[in-house]
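Following: one structure in structure tokens, then a few remarks.
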Amino acid sequence: MWRYGLRLLVTAVVAEAPYDKIVTGRWWDWSVMNPIFGLLIALVVLTLLDWARRRYAGVVRGVPALSQ
């Protein structure tokens, strides 16, 4: 998973300048980011959610409204 994240990061950084040039006409523009950064953020969020699910598995079993 981390290797995939690293590949996404490298691809996002390499693609940023051409993406900015095509979208805004300038080689570097902080107002827009290419969609690959969004994929990287989604991967980080999903990884953190998976970690939290595994880390806190069974914590809500004692709460009747939250247990299944």
Is it true that GLY38 is at pLDDT below 90 and of a type outside the set (Ser, Thr, Tyr)? no
When restricted to ARG26, ARG53, ARG3, ARG7, the only residue at pLDDT below 90 and in a helix (DSSP H, G or I) is ARG53
Note on region 32-58: residues more than 10 Å from the chain's Cα centre (by Cα) and in contact (Cβ under 8 Å) with a residue 12 or more places away in the chain are VAL32, MET33, ASN34
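The values are calculated or read from the model by the stated rules, or taken from the named source; none is laboratory data. Values in this document were obtained by computation on a predicted structure and should not be read as measured data. Every residue, glycine as well, gets a Cβ built from its backbone with ideal geometry; the counts of neighbours run over all protein chains shown.
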